[in-house]
Amino acid sequence: MSIVPKETIEVIAQSIGITNLSPEAALMLAPDVEYRVREIMQEAIKCMRHSKRTTLTASDVDGALNLRNLEPIYGFGSGGPIRFRKAIGHRDLFYTDDREVDFKDVIEAPLPKAPLDTEIVCHWLAIEGVQPAIPENAPLEVIRAPAENQIYQQKDGPLIDIRLPVKHVLSKELQLYFQKIAELTLSKSNPSLFKEALVSLASDSGLHPLVPYFTNFIADEVSRGLNDFLLLFNLMHVVRSLLQNPHIHIEPYLHQLMPSVVTCLVSRKLGNRFADNHWDLRDFTANLVALICKRFGNTYITLQSRLTKTLVNALLDPKKALTQHYGAIQGLAALGHNVVRLLVLSNLEPYLSLLEPELDAEKQKNQMKSYEAWRVYGAILRAAGLCIHDRLKIFPTLPSPSPSFPSKGKGKVISTEPNKRKLGVDSSENRSPHKRLIATDGSDGGPSPMQVDRPTGDANPPQNSVRPSSSEQASDGNAPESRNAKEKDDSKGRAITRKAILDQIWKDDLDSGRLLVKLHQLYGDRILPFIPSTEMSLFL
Amino acid sequence: MDPEQVDEFVMGYLKKKGFNSAAKHLQESLHNNNGSTFSSIDYHNDPELNKLIRSFSQSENDPSRYREGYSKLRSWGYNSLDLYKHELVRVMYPVFIHCYMDLVGKGHTQEARSFFNSFRKDHEMVHLRDLQKLGGVLAPSHLQEMEFARSLRQSKINIKICQYSYDLLLQYLHRTESTLMLGIINEHINFQVYSGQPNSASDDIEAVTIVGSFHETADHVNQKEIHWGLLEDSLEDRLEKTGGLLSDSEKGQGESKAGDMDDSKKRSAEIGKQGSSIKKLKKDKAGTATTKVARQETSTVLSSMPRVKPELAMPVMSADVEESILEDLRNRVQLSSIAMPSVSFYTFVNTHNGLNSSSISHDGSLVAGGFSDSSIKVWDMAKIGQAGSCALQDENNQTVGLNGRRNYTLLVGHSGPVYSATFSPPGDYVLSSSADTTIRLWSTKLNANLVCYKGHNHTVWDAQFSPFGHYFASCSHDRTARIWSMDRMQPLRMMAGHLSDVDCVQWHPNCNYIATGSSDKTVRLWDVQTGECVRIFIGHRSMVLSLAMSPDGRYMASGDEDGTIMMWDLSTARCITPLMGHNSCVWTLSYSGEGSLLASGSADCTVKLWDVSSSTKLTKAEEKNGNSNRLRSLRTFPTKSTPVHALRFSRRNLLFAAGAISKPSS
């Protein structure tokens, strides 16, 4: 009936010494208590309004009691909210947690910091009806979002109409900020500070006025500094941070940014030194491109189609350098499995036939070229593999790993061991990126794709530790040749043992199975690590 | 119906009501006549009477009848034709609350609660505040005690309804024989039936507001004559007379200030007169010709306005103050929907939730804050600006806070939270009101308390100087507003009539009237000389928090707790149009100098500008069309997370705003 139950009245009566309160009296009192409490709360709301607040505080209730000429509630106000605890053994009984405070502790405690004194700061909220984009004002696009779901929306005329000032005035602080960031990006000497700067770029509000300057800066520097690998990498980091900043409305500047980004992905040459790990930069940029497409693909519909067109053109042009092919493949791979399936896999066979002579060590004498070709081969293998992995995930899983699998895998690892070592030899300089590239299933960095599908990785560490010494010694011209030869033998041997069984099962499979067959024909067993173990077991 | 049954009912009824002798007579006559006709009225054959008697015979105390009757009426009303629906639905609310109060009055608390909870959703959108109040009423004694409920019980609600809807309603009530509902409607609703088509759903806001016994008095009161014209010989008039000088002096200033422009631009943080003059210069360069034309236009408009004589003895203005005001008026920027003002925002930081009110002086150079710790703090923004720019030169500076001192003047004297602190027009006094029931007058030159005015019996919510100083008005929780003059300890006039707290007060530009806004959801206009209420403005749905008078004295704007702003025509006491846009309390309103723009500041952390000039012009033409929803929101300036507590258009039409920054709620 009343929201105050009569038990509450009884408890309160007991607490003030009335033990013989009749239930009828409690029943009569309960609605009255509710009425009085409501009355006081309404007065408290009045006090709250006059204090120009929208949240009710304890002081408002004090004010309301004062207005009603009631005794105020004596005692200390605690800073935090009152904590209620459940009484043990009772279901609906709560009490406030009233700790005993030791005087000694209170006296010995250091004085709290004095609260800051009230001050006034002033700024221009608007100049002749236009809000200047200064840090003191709310950032523009953050405002727009809540305005859309306002309760009162007038139909005639937009409520919010903010135009950027015609004359773009940058505050001193912003100018300084821009200079600092530009310096850091160009200097490359202080990585830790640069990292901090990136964090600031990714999170600070009020940077919006700087966006056009940043896009200009990036475009200029990319076109000028194609030989400077580190600078390019820094610039891409800046782009990424800008994209991450939730307060920046970067969309209008995307058309300026995209050429620079795509340049970093598919340019023929990035950096001038051999040591520059431009593969890394391409990978990073590919992810960046994917991020952009994911975020702005909805609003900027032609973005992805234009991008993929550029990339596919780069990939299918045999005159383009292998590095460019690599960038294109990575870019496409980052855009998702569907893109890979539609654009890469359809062109896989002709492309691989194109790549074949480059891969073949006998025909390709230039070691650098050959390395590049293997790089591209790895990238395309990875893209295709991930794609097929994704396809296979849709399959109904049969959780019955065959018992013979581990032993088989073991045997395979052993058989491929020399092969792996050679691979490590070959990539003596760029080993780590290569590893990361291929080791997709998160094993501890097996140097070849073969190793990944091995269920137990305990044989790996000793190999790794052994390899550097041997690889250093064996690092000579004929290493790649021997590797290739070995690999071919290897894959042939294994293909014979397994192909029959696999084909038998795949025969009645869907097109993804066929796709797998096709890939298998193209790649041999190198595709297998990308197949999830449960599916793998299905096929075996 | 069986005649004998009827006789039984009649007997039962008479007995129950205590007409024992009548019952006896009836019994006797029944025995004598043995069932034959015994009276002149053949009630056995009259169907209407029959029904009536039957309804009386039903157990009167059955609480479920209310729910039944109301839910039937409700479903009928909501299923009626769209054309008449809104008029019929309008009837539901009074029926609903009276059903509830009837139930409570008869002691069926349980049923009353469940009835209330099952139907309150229908009315929450419009009547949320009333329902919150009524929801607590649980015992008959509460009905007696609570003023709101009592006034509802005692008075009739006026509802305008077209003839056809009225007929529909009556037909329905008769057909379904729901005498209970009929009884409630008869008892508590006063239909004003008009012929013709029903009004459109939204235009009649008044119709849905229920404010106790106001309506009859309001209609009566609003007949009184008021003179809303400006004062004779006002400064604007004088400005107009010196109009010949205007263009010359303007040129001179333009030249002389052109030099200052560069260095004053640099110190854009320094506000005050400097700020407005920068602004002014920009404006002038942009379109001197157009502003002049506009100025002449407005001056002719002003001169055509009716003039009134002051009813109070006006204070004499010192010559230099007058000169500076005239100077400001000459330099005023003309604002319109195309020419927007600049807004300078003063943000209070580190207030620790203690800032209750703030205000800005007319020239924007002084800012005062009233705090819940009983203190008042006054900042001189001009000084702070200087200190910021030339701190290096001033080494023996006393007031600047760079060396750890505070850079405001602390005024201590009140013994309760300070709910208002406002400046006199020249900025030499501060008037503050507090929960300790006193009003205090402070001098900004001496930084000391001059007078303590005691008179109110409760917390004083607001106090405002008259446009010419010397007099001030205050309003309080004790439901009165009072007029004071600075030189007397006792109030000169006391305005009583509001049914709840008087929350805000504002002077009319001609000083002959004050307007008060109250928690009873009305705004009243009072004659200062007689102390009488001359207008009642009904239409708000929640407590009125802010008021502003247009400079020409013809219109008034009021803002409420829900974020609605209403524009009123003083002479007709009708709402011109509600301005919807804010979604939280409208703390403050301010008209621009020539009355073309209205600025509003709200708890939703925005300042909005409304075009009010076009609307008032248009309404004249559109009155016939009945379409007056022309007031438009021109601009919204969101702050980062600062609710806007105070707004002030300077005489040169620079807009100052103030508020305390609050942490984002997330």
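Listed values, structure above:
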{"quantity": "Test for B:Leu547: is it closer than 17 Å to B:Leu335 by Cα, modelled with pLDDT of 85 or more and open to solvent by less than 20 Å² (accessible area, probe 1.4 Å)", "calculated": "no"}
{"quantity": "Selection from region B:424-441 of residues that are within 16 Å of B:Asn356 (Cβ to Cβ) and either surrounded by fewer than 24 Cβ atoms within 10 Å (Cβ to Cβ) or more than 14 Å from chain A (Cβ to nearest Cβ) (or both)", "calculated": "B:Val430, B:Leu431, B:Asp436, B:Thr437, B:Thr438, B:Ile439, B:Arg440"}
{"quantity": "Any chance A:Asn277 is open to solvent by 20 Å² or more (accessible area, probe 1.4 Å), under 23 Å from A:Ala321 (Cα atoms) and out of contact with any Lys or Arg (no Cβ under 9 Å at 6 or more places or on another chain)", "calculated": "yes"}
{"quantity": "Exclusive hit being more than 10 Å from chain A (Cβ to nearest Cβ) and crowded, with 24+ Cβ neighbours inside 10 Å, set B:Ala368, B:Ala382", "calculated": "B:Ala368"}
{"quantity": "Given (1) more than 14 Å from chain A (Cβ to nearest Cβ); (2) of a type in the set (Val, Ile, Thr); (3) over 9 Å from the mean Cα position of the chain (by Cα), index of the condition B:Thr588 fails", "calculated": "(1)"}
{"quantity": "Scan of region A:36-51 for residues that are within 10 Å of chain B (Cβ to nearest Cβ), out of contact with any Leu (no Cβ under 6 Å at 6 or more places or on another chain) and open to solvent by less than 40 Å² (accessible area, probe 1.4 Å), ordered by number", "calculated": "A:Glu39, A:Lys46, A:Cys47, A:Arg49, A:His50, A:Ser51"}
{"quantity": "A:Gln154 vs. criteria facing chain B (nearest Cβ under 7 Å), in contact with a strand residue (DSSP E or B) (Cβ under 7 Å, 6 or more places away or on another chain) and modelled with pLDDT under 50", "calculated": "yes"}
{"quantity": "Residues of region B:128-138 satisfying the condition of being open to solvent by less than 20 Å² (accessible area, probe 1.4 Å) and within 11 Å of another protein chain (Cβ to nearest Cβ)", "calculated": "B:Leu134, B:Gly135, B:Gly136, B:Val137, B:Leu138"}
{"quantity": "Failed criterion for A:Ala133 (all others in (1) at pLDDT below 85; (2) at the interface with chain B (Cβ under 9 Å from one of its Cβ atoms); (3) crowded, with 19+ Cβ neighbours inside 10 Å hold)", "calculated": "(2)"}
{"quantity": "Qualifying positions in region A:325-352 - among the β-branched types (Val, Ile, Thr) and either modelled with pLDDT under 80 or over 22 Å from the mean Cα position of the chain (by Cα) (or both)", "calculated": "A:Val339, A:Val340, A:Val344"}
{"quantity": "2 or more residues over 27 Å from B:Asn353 (Cα atoms) and modelled with pLDDT of 80 or more: qualifying strands (runs of 3 or more DSSP E) within region B:573-638", "calculated": "B:574-579, B:597-602, B:606-611, B:632-638"}
{"quantity": "Strands (runs of 3 or more DSSP E) completely within region B:453-562 that count 1 or more residues being in contact (Cβ under 8 Å) with a residue 40 or more places away in the chain and more than 26 Å from B:His645 (Cβ to Cβ)", "calculated": "B:522-527, B:533-538"}
{"quantity": "Verdict on B:Gly385 being touching a Leu at 6+ places or on another chain (Cβ under 6 Å) and modelled with pLDDT under 90", "calculated": "no"}
{"quantity": "Filter result (of a type in the set (Gly, Ala, Ser) and within 14 Å of A:Gln304 (Cα to Cα)) within region A:331-349", "calculated": "A:Gly331, A:Ala333, A:Ala334, A:Gly336"}
{"quantity": "Pick from region B:597-607, criterion buried (at least 24 other Cβ atoms within 10 Å of the Cβ) and farther than 12 Å from B:Thr564 by Cα, ranking: nearest to the other protein chains (Cβ to nearest Cβ)", "calculated": "B:Val607"}
{"quantity": "Positions within region B:321-359 being of a type in the set (S, T, N, Q), open to solvent by 20 Å² or more (accessible area, probe 1.4 Å) and at the interface with chain A (Cβ under 9 Å from one of its Cβ atoms), in sequence order", "calculated": "B:Asn350, B:Asn353"}
{"quantity": "Pair list, Cβ < 6 Å and 6+ apart or interchain, from region B:369-388 residues that are acidic (Asp, Glu) to residues that are at pLDDT below 95 and open to solvent by less than 20 Å² (accessible area, probe 1.4 Å)", "calculated": "B:Asp373/B:Gly354"}
{"quantity": "Test for B:Leu450: is it part of a strand (DSSP E or B) and within 23 Å of B:Val502 (Cβ to Cβ)", "calculated": "no"}
{"quantity": "Output for region B:478-496, where each listed residue is open to solvent by less than 70 Å² (accessible area, probe 1.4 Å) and under 16 Å from the mean Cα position of the chain (by Cα)", "calculated": "B:Thr480, B:Ala481"}
{"quantity": "Qualifying position, being of a type in the set (Ser, Thr, Tyr) and more than 8 Å from chain B (Cβ to nearest Cβ), among A:Ser15, A:Ser59", "calculated": "A:Ser15"}
{"quantity": "Given (1) open to solvent by 70 Å² or more (accessible area, probe 1.4 Å); (2) within 13 Å of chain B (Cβ to nearest Cβ), number of the condition A:Pro112 does not satisfy", "calculated": "(2)"}
{"quantity": "Criterion: open to solvent by 10 Å² or more (accessible area, probe 1.4 Å), touching a helix residue (DSSP H, G or I) at 6+ places or on another chain (Cβ under 9 Å) and closer than 24 Å to B:Leu231 by Cβ - qualifying residue of B:Asp520, B:Asp569, B:Asp527, B:Asp562", "calculated": "B:Asp569"}
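The values are calculated or read from the model by the stated rules, or taken from the named source; none is laboratory data. Remember, it's a predicted structure, so these values are computed and weren't measured experimentally. Glycine gets a Cβ as well: all are built from the backbone with ideal geometry, and neighbour counts include every protein chain shown. When the accessible area is computed, the model is the full protein with side chains, heavy atoms only, and any ligands, DNA or RNA have been set aside. Shrake-Rupley method; radii C 1.70, N 1.55, O 1.52, S 1.80 Å.
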